[in-house]
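Remarks on the structure that follows.
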Amino acid sequence: MYCLGTSLLHPPFREINFSVIGQYVDYLVKEQGVKNIFVNGTTGEGLSLSISERRRVAEEWVTKGRNKLDQVVIHVGALSLKESQELAQHAAEIGADGIAVIAPFFLKPWNKDVLINFLKEVAAAAPALPFYYYHIPALTGVKIRAEEVLDGIQEKIPTFQGLKFSDTDLLDFAQCVDQNRQRQFAFLFGVDEQLLSALVMGATGAVGSTYNYLGKKTNQMLEAFERKDFSSALNHQFCIQRFINFVVKLGFGVSQTKAIMTLVSGIPMGPPRLPLQKASREFTDNAEAKLRSLDFLSFNDLKDGNLEACS
Ligand SMILES: CC(=O)N[C@H](C=O)[C@@H](O)[C@H](O)[C@H](O)CO
Ligand SMILES: CC(=O)C(=O)O
């Protein structure tokens, strides 16, 4: 069974608008079929929030998601080990389902052992919570291969539950799977445009920004893959890629995700925080036209004779 996590939260507005989180939960569950949430990660600008904001955001997702969501995993990574531990402990107190941690990215661990020592100290602050290592080398600058990090990790971190792998190195990803076949780890893939390839390599789930608004489409791909209908799965992946490729060429990142999600869901995600800049009007208009042409934003009048439509 695959769990399709979305990455969230988009803190709506520069001052976080906590009041839309309940609506956001309902939208993801009902409209996108997404019931696993990854809070305060990349897309949620977790590292741009203060510690007290991170705590409140986590609380709000856990509370509003109760009896609606399957899992709420809180990203608790920080440069300060102490803050990271405090967030881990808080996640346990509020009843989150797991915690995830990125590598510290200013003063960096230079080898696997040092990185694991850091992760271990965070995990120990929440000894009853499943722990995920969030591998995102392009953003942290910590390039230690995930396959190395996983080697022997369970002995060091007894709560180790899995990997969130946000990198395009499928050799590294596949080796993580292959070398841990006897263990019940979760292998969550984080490059949405390549998810199908990762599924072939043994991914057990996915966490990504586009599942906010392409969750339903991605679920169709997961279902096709599960019933071994690989040609349909590939068609779904191509459709998703047509959109991602289009926005990547315009310049795609966290700000643009917020703009698209506001457009598609109608829930105001607000602008990002500095140092990010709000997506331009031109970007949003182009992205909207593309979503319509692919029928990701369904408008009946477009369906007839639309060669590009994906649904
Ligand atoms: C670096 C980054 O933000 N990655 C996101 C999550 O991990 C992905 O969901 C990408 O936004 C997506 O794959 C499009 O490239
Ligand atoms: C996209 C993602 O995985 C994150 O927000 O961390």
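For the reader, a short list of remarks on this structure follows.
- Among V101, V142, V34, the largest mean-square fluctuation in a Gaussian network model of the chain, built with springs joining Cα atoms closer than 10 Å, belongs to V142.
- Between the range 173-232 and the range 10-55, the alpha-carbon center distance in angstrom: 23
- Shape parameters for the chain, alpha-carbon atoms, Rg then Dmax in Å: 18.8, 59
- Placing one equal scatterer on every Cα of the range 160-311 and applying the Debye formula, the log10 ratio I(q)/I(0) at q = 0.13, 0.16, 0.18, 0.19 Å⁻¹ is -0.66, -0.94, -1.11, -1.19.
- Exposed loop sites here mean GluC sites (Glu not before Pro) with a DSSP loop assignment and at most 15 other beta-carbon atoms within 10 Å; the chain contains its longest site-free run at 16-307.
- Of the chymotrypsin sites (Phe, Trp or Tyr not before Pro) in the range 259-299, the ones in a loop by DSSP (not H, G, I, E or B) with at most 15 other beta carbons within 10 Å are F299.
- Over the chain, relative contact order from alpha-carbon pairs under 8 Å, at least 6 apart, %: 18
- For the range 119-169, averaging the sequence separation of C-alpha pairs within contact (under 8 Å, six or more residues apart) and dividing by the residue count gives a relative contact order of 51 percent.
- Cβ-placed point charges (K, R +1; D, E -1), dipole of the chain about Cα centre in debye, nearest 20: 280
- Of the trypsin sites (Lys or Arg not before Pro) found in the range 203-286, those in coil by DSSP whose Cβ has at most 10 other Cβ atoms within 10 Å are R227, K228.
- Over the range 1-134, relative contact order from alpha-carbon pairs under 8 Å, at least 6 apart, %: 21
- Where only C-alpha atoms are counted, convex hull volume of the range 103-209 per residue in Å³: 100
- Degrees separating the helix 230-250 axis from the principal Cα axis of the chain, which is the longest one: 90
- The range 41-120, dipole about Cα centre (Lys/Arg Cβ +1, Asp/Glu Cβ -1), debye to the nearest 20: 80
- L250-L81 pseudo-label distance in nm [points 7 Å out on the Cα-to-Cβ vector]: 4.5
- To the nearest ten degrees, helix 254-265 and the longest principal axis of the Cα atoms of the chain are 50 degrees apart.
Quick note: the coordinates plus some simple rules give every number you see, no bench work behind them. This is a predicted model, so every value here is computed, not measured. When we count neighbours, we look across all protein chains shown, and the Cβ atoms used for this are built from the backbone with ideal geometry, even at glycine.
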